[in-house]
Amino acid sequence: MEEYIWHINLFVFVLLTVCYLYQFVYVLVVLFKKDNTPQQPAVLHRFGVVIAARNERVVLPNLIRSIQEQSYPRELVDIFVVADNCTDDTAQVAREMGAVVYERCNPQQVGKGYALDFAFHRIAQDYGNQYHDAFLVFDADNLLDEHYIEEMNKTFSQGYRVITSYRNSKNYATNWITAGYSLWFLREAKYLNNARMMLGTNCAISGTGFLISNEIVRRYGGWKFHLLTEDIEFSIVNAIEGEKIGYCGTAVLYDEQPETFRQSWTQRMRWSKGFYQVNWKYGKALITNLFHKKENTFAC
């Protein structure tokens, strides 16, 4: 029996090593390959910033302020806040700071995906389908480097219609939990998405701090991704459909990480369930695309 278990463990070890071997290659790419990504002259675009907020009156003003203090022309940036099933004065606080606020009350359809879909439809109604060139999506507890939108605009001007950014942390030094989260996301930005961008393959959206072209929003008729991990779902659908996601390493976002083990456990349980949901819904399509002669084969 012990020998049988040993062989199972060995099989799992070898399998996981093979599956993740490409990530070791990515580290070498970042360390030794020169970044020869062509730089195109940046064109000024109009952006809509979309923030889904539920009872976030304490942290939301900091994010709005960091958007208003961007180096990018302020007249080309519109801030939209979805006060999603709020029981506090989040909506009032956002309005007082100059944001356009859409209040949503739907306790049956709960989650960031539904809030984003609601926002995109309301923006289209109020401003038309062509007013904004792209949208930037943030969580209410984020903070932006002052050049964030300027840098994202440069990558957007290169032709990418979906772009993720460099995800840093606000509370790295709080404890070992926040430090662990911070290092994970720094690794994801520097040694996964950065390497993918350098090699010309597909990057991945991770939670918050990403750009989506208005063309993509209109193609999907809003935001149709409502699984527990809607960011992973969105990334996988783009891989299946051949849409290459870009990465902007000079656009720095600061995110707040869980500080207690209970918060971490709850979040990771949600992520785990979300991964199973995504595999169940899109696994067949991913495998099918592996055998098609498309540019997105490796991404799948």
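The values are calculated or read from the model by the stated rules, or taken from the named source; none is laboratory data. Computed from a prediction, not measured in an experiment: that's the story for all the values here. When we count neighbours, we look across all protein chains shown, and the Cβ atoms used for this are built from the backbone with ideal geometry, even at glycine. Ligands, DNA and RNA are excluded from the accessible area calculation, which covers all protein heavy atoms including side chains. Shrake-Rupley method; radii C 1.70, N 1.55, O 1.52, S 1.80 Å.
Please compute the Cα-Cα pair-distance distribution of the chain with 20 Å bins starting at 0, giving whole percents from short to long.
Calculated over all Cα pairs of the chain, the distribution is 30, 59, 10, 1 percent.
Taking Cα atoms of segment 119-227, Rg/Rh with Kirkwood Rh, to two decimals? Before the final figure, lay out the partial values.
Values: Rg = 15.5 Å, Rh = 15.5 Å.
Rg/Rh: 1.00.
For a protection proxy built on the mean count of beta-carbon atoms within 10 angstrom, sort 279-288, 176-185, 77-86, 141-150 highest first, please. Each step should come with its number before you reach the end.
On the way: 279-288: 12.7, 176-185: 16.0, 77-86: 22.8, 141-150: 20.1.
Going by the mean number of other Cβ atoms within 10 Å, highest first, we get 77-86, 141-150, 176-185, 279-288.
Under 10 Å, Cα contacts only: if you run a Gaussian network model on the chain, which one of SER66, SER235, SER169 comes out with the highest mean-square fluctuation?
For the chain, modelled as a Gaussian network with Cα springs under 10 Å, the answer is SER66.
With a 1.4 Å probe and all protein chains left in place, how much accessible area per residue does the chain have, in Å²? Don't skip to the end; give the middle numbers.
Working: 16100 Å² over 300 residues.
About 54 Å² of surface per residue is accessible.
Please list the radius of gyration and Dmax for segment 67-187, considering alpha-carbon atoms only, with Å as the unit.
For segment 67-187, the Cα-based Rg and Dmax read 16.3, 47 Å.
Straight-line reach from LYS33: which lysines fall under 19 Å, measuring Cα to Cα and dropping same-chain residues less than 8 apart?
The qualifying lysines are LYS190.
Helix by helix, which DSSP H runs in the chain go 24 Å or more along their axis at the Cα atoms and have an average Kyte-Doolittle hydropathy of 1.0 or more?
Numbers: long enough: 2-32 (43 Å, 1.64); 261-290 (39 Å, -0.87).
Length and hydropathy pass: 2-32.
Rounded to the nearest percent, how much of the accessible area of the chain (1.4 Å probe, protein heavy atoms only) is carbon and sulfur?
On the way: 9160 of 16100 Å².
It is 57 percent, rounded to a whole number.
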